[in-house]
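A.B. asks: Encoded as structure tokens, here's the structure I'll be asking about.
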Amino acid sequence: MKNKLLKISFFFFLLFSVKGYNQNVKLLNIDQLNERVKNGKDSTYVVNFWATWCAPCIKELPHFEKLAAEHKSEKLAVLLVSLDFKSKLESNVIPFVKRKNLKNEVFLLNESDPQQFIDRIEPSWSGSIPATLFIKNNKRKFVENEFTYEQLLTEYKKL
């Protein structure tokens with residue numbers, strides 16, 4: 001009986017542990033991001049640059065979730081790239097992602113020189129966030145502002 005109770009307890013522990021940690025935040029540098037897009041199976045990428053401390057970023061995150069959910073039958077990948085400091089991964093980013101129940105792929109940018117990665121993403125980028133990069137085949141469009149859902153959908157459909 002004690003052994004059976006132990007097995008049941010272990011089962012529930014695993015069940016709730018896995019369920020509670022369904023979103024994994026990975027470190028990613030610009031080369032890895034470029035590889036992900038270049039070798040990915042999806043034909044359209046929407047890459048949003050955001051941070052946990054950025055109110056406009058947080059406000060628009062549900063729009064990216066909705067876009068991915070409503071277009072899941074299409075070859076679309078929505079990548080959420082946090083620009084929080086790497087030291088904030090465990091204390092801020094992962095708890096934020098869990099709390100907001102984000103379903104899209106979430107990354108923390110693992111780059112040390114902001115000006116260098118900004119120029120590699122988009123030379124005209126001032127560095128302000130939120131910012132979003134739309135990629136389909138060889139077509140790229142970079143938008144440096146907060147989106148409503150309608151604006152995001154319009155940009156996505158233009159690709």
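The values are calculated or read from the model by the stated rules, or taken from the named source; none is laboratory data. Everything numeric in this text was worked out from a predicted model, so none of it was measured. Ideal geometry is used to build each Cβ from the backbone, glycine not excepted, and the neighbour counts take in all protein chains shown.
A.B. asks: Which of (1) modelled with pLDDT under 95; (2) of a type outside the set (Gly, Ala, Ser); (3) closer than 21 Å to Val143 by Cα does Asn22 not meet, given it meets every other one?
C.D. replies: Failed condition: (3).
A.B. asks: Go through (1) at pLDDT below 90; (2) closer than 28 Å to Ser128 by Cα one by one and return the number of the condition Ile30 breaks.
C.D. replies: (1) is the only condition that Ile30 fails.
A.B. asks: Still on this structure, please answer the following. Please give the strands (runs of 3 or more DSSP E) falling wholly within the stretch 92-159 in which 3 or more residues are buried (at least 18 other Cβ atoms within 10 Å of the Cβ).
C.D. replies: Result: 105-109, 131-136.
A.B. asks: Give the stretch 105-159 a look and list any residue that's among the acidic types (Asp, Glu) and over 19 Å from the mean Cα position of the chain (by Cα), or say none.
C.D. replies: Within the stretch 105-159, Asp113, Asp119, Glu150 meet the criteria.
A.B. asks: Pairs under 7 Å by beta carbon, first residue in contact (Cβ under 8 Å) with a residue 24 or more places away in the chain and farther than 21 Å from Ile58 by Cβ in the stretch 96-116, partner aliphatic (A, V, I, L, M) and in a helix (DSSP H, G or I), six or more apart or different chains?
C.D. replies: Pairs found: Glu111/Ile30.
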